[in-house]
1. Take the range 202-228 and flag every residue that is more than 30 Å from Asp88 (Cα to Cα) and surrounded by fewer than 14 Cβ atoms within 10 Å (Cβ to Cβ).
2. If you go through the range 86-100 one residue at a time, how many are surrounded by fewer than 17 Cβ atoms within 10 Å (Cβ to Cβ), outside any helix (DSSP H, G or I) and among the aliphatic types (A, V, I, L, M)?
3. Scanning the range 64-102 for residues that are farther than 17 Å from Arg189 by Cα and of a type in the set (Ser, Thr, Tyr), which turns out modelled with the lowest pLDDT?
4. Which count do you get for residues in the range 58-85 that are open to solvent by 60 Å² or more (accessible area, probe 1.4 Å) and of a type in the set (S, T, N, Q)?
5. So in the range 91-115, with the set limited to residues that are among the charged types (D, E, K, R) and without any contact (Cβ under 8 Å) to a residue 40 or more places away in the chain, which one is nearest to Tyr157 (Cα to Cα)?
6. Sort out which residues of the range 142-198 are in contact (Cβ under 8 Å) with a residue 12 or more places away in the chain, aliphatic (A, V, I, L, M), part of a loop (DSSP other than H, G, I, E, B) and open to solvent by 50 Å² or more (accessible area, probe 1.4 Å), and write them in order of number.
Amino acid sequence: MEVHHPHHLAHKKNWKEFFLEFLMLFLAVFLGFLAENVRETYIERHREKEYISGLIQNLKSDTADITKVLQRSQVKQEAWPALLQLADKDLSKHVYDTIFYEKFVKGAFVPIFRPNDATIVQLKSSGNLRLVNKQDVTDSILSYDKIREKLVEHNDYLVKGNDEVWEKAYPLFKAWIFADTSYMDLSRRTLVRFDVPPLRVDALQQQIFFGHLGRMMLILRVNRDYMNQQKDKATTLIQFLEKRYNL
């Protein structure tokens, strides 16, 4: 007896089924891409806010430090101009000896403001400045950074100018007494005895010294102007960033 087996023909998909499978696959890939993109965007925005928060802390530190340096430099700002008034005096008269030593030591040390630039340097060196997706914020940060760089560069002139004043003063007085606690209280920058060694009178050396001293006072004035500019800029930038990022 013959048995006839029915032939099972393979099911042929029509174009609608192919399109549906393609659509499902496309949606799966697209949604995966979209989810990854949302995740990366979230991470970048989180990192951006962390950088901005760090920058704000740096700026607040800068404004506090500038205030302190300006206060300390005020002593120099008052002492050395008073010393400069001796430029046309006859330093062979011992009445000027004590004044010279006293005013010199008052302004002898130069306070330097060192910006807290950790966040800005990291943003620039690592290329993460791109994470800041607000153009006005980027522009404000870079504008502040230019002032910071200008002040840092000018600090070198300030230190060099101060060193030159010291060097030109050596031929005129006995600098070793600054290390003698019987003469000087360096913590307070004051004389504790007034029988100081007489000044060495030399018209040329005196002219050179006071020339450098006058130049130094101009450098100090410019440096103080730069610090005030940076303080104002930092204060404005803090307010701007806190408002822009709701911090």
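The values are calculated or read from the model by the stated rules, or taken from the named source; none is laboratory data. Predicted model, so just to flag it, every value in this text is computed and none were measured. Glycine also receives a Cβ, built like all others from the backbone with ideal geometry; neighbour counts cover every protein chain displayed. With ligands, DNA and RNA removed, areas are computed over all heavy atoms of the protein, side chains included. Shrake-Rupley method; radii C 1.70, N 1.55, O 1.52, S 1.80 Å.
1. Residues of the range 202-228 that are more than 30 Å from Asp88 (Cα to Cα), as a first pass: 226-228.
The one that is more than 30 Å from Asp88 (Cα to Cα) and surrounded by fewer than 14 Cβ atoms within 10 Å (Cβ to Cβ): Asn228.
2. Qualifying residue count, the range 86-100: 1.
3. Ser92
4. Qualifying residue count, the range 58-85: 3.
5. Here the residue is Lys103.
6. Leu186
Residues checked against (1) within 26 Å of Lys160 (Cα to Cα); (2) not polar (S, T, N, Q):
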site: Ser182; (1), (2): no, no
site: Arg189; (1), (2): yes, yes
site: Pro197; (1), (2): no, yes
site: Val222; (1), (2): yes, yes
site: Gln230; (1), (2): yes, no
site: Lys243; (1), (2): no, yes
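Residue by residue, here is whether (1) of a type in the set (Phe, Trp, Tyr); (2) touching a Lys or Arg at 6+ places or on another chain (Cβ under 9 Å) holds:
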position: Lys150; (1), (2): no, no
position: Asp180; (1), (2): no, no
position: Tyr183; (1), (2): yes, yes
position: Leu186; (1), (2): no, no
position: Arg189; (1), (2): no, yes
position: Phe210; (1), (2): yes, yes
